[in-house]
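The values are calculated or read from the model by the stated rules, or taken from the named source; none is laboratory data. All values derive from a computational prediction rather than experimental measurement. Cβ atoms come from the backbone with ideal geometry, glycine included; neighbour counts cover every protein chain shown. Please note that ligands, DNA and RNA were not included when accessible areas were found on the heavy atoms of the full protein model with its side chains. Shrake-Rupley method; radii C 1.70, N 1.55, O 1.52, S 1.80 Å.
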Amino acid sequence: MSAHDTAISPDPLAVHADSQTQRQAAHMAQEAFARVFRLSVGEADEARLRGVAQLHRELDDWACAGADDEARALRRALLLSGMDQWGVAWSQAFGLLAIPGLTELIGALRTGLDAPDEARFLRQFEAIGQAEENAIDFKVELRRGVHLALWHSSIATQDRDEALRLASQLGGRLLGLMTREMPVIGWRLVADALAFIQIRCLADGLASEGVGQEATQALFGALARELPQAQRDRVMAHAARAVIAWQQASRSQGQVH
């Protein structure tokens, strides 16, 4: 799904970070969070600090590669915004009080900025959340990653209560996306998540039985109940079209080979 498939105002931040850069920032934030989370839960303090230092160098180099001061500030703001949102999502989903490595990494990326750079960073960080269209490609890619990671977590556990709780967390995030955070394009992100889930189930046989199947059915059922009918029909129809298009493309590739 492209952010530009739904009518939305042009992204004013694209002048400093184009679509490709925004999507790259979202992927880097996801990978950085995954690495720092593993360091926080699986390593001793010394190893964690070494890993955080390495991550800091990699992310700082990427942020500093921007074309000018504003581009560099926006790159840094995108990275920190993304990692922060991953941290919030994981803390809420798993009841985490702290992720030490994440706090250290975010702090390191702020430390050392002089007063003008700090001011530019804060301005760009605030700009990301000021309007739905601001950094829209980053937001689409970032939320897609969070949604699918939560779903994978819900079907990976064999604990029924845990699976249903995680599915409920995901359902709440999807509903909030449509009603509060992104009222214009949010429905497309919800449809995108549901289509991807169905495609993964068909392609890889995921959630075909047991707890995973029950959690996935609970997610779809909750959205069907909670969404107003017009929104529900729109979301489900778009997701169904995406799944059909994938099936047709898969058959065509099979015939070619």
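Structure above, values below:
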| quantity | calculated |
| --- | --- |
| Share of carbon and sulfur in the accessible heavy-atom surface of region 13-130 [1.4 Å probe, %] | 52 |
| Stokes-Einstein D in µm²/s, Kirkwood radius over Cα pairs - the chain at 4 °C with 1.567 mPa s viscosity | 66 |
| Among Ala230, Ala89, Ala119, residue whose mean-square fluctuation peaks in a GNM of the chain (springs only between Cα atoms under 10 Å) | Ala230 |
| Gaussian network model of the chain, Cα within-10 Å springs - most flexible of Ala115, Ala242, Ala26 | Ala115 |
| Net lengthening on full extension, Gln229/Ala44 (0.36 nm per residue, minus Cα-Cα) | 61.5 nm |
| Ranked packing of 183-195, 54-66, 208-220, most packed first, by mean Cβ within 10 Å | 183-195, 208-220, 54-66 |
| Extension gain, Arg241 back to Glu181 (0.36 nm per residue minus Cα-Cα distance, nm) | 19.1 nm |
| Shape call, region 135-256: gyration tensor on alpha carbons, a/c limit 1.5 | oblate |
| Candidates Gly129, Gly112, Gly87, ranked by Gaussian network fluctuation over the chain, Cα under 10 Å, top entry | Gly112 |
| Relative contact order (percent, whole number), region 188-257, Cα cutoff 8 Å, 6+ residue spacing | 46 |
| Degrees, to the nearest 10: 136-156 long Cα axis against longest axis of the chain | 60 |
| Rounded tilt (10° steps) of 160-176 against the dominant C-alpha axis of the chain | 70 |
| Rounded to 10°, Cα long-axis angle of helix 229-256 versus longest principal axis of the chain | 90 |
| For the chain: relative contact order, % (alpha-carbon pairs under 8 angstrom, 6 or more apart) | 21 |
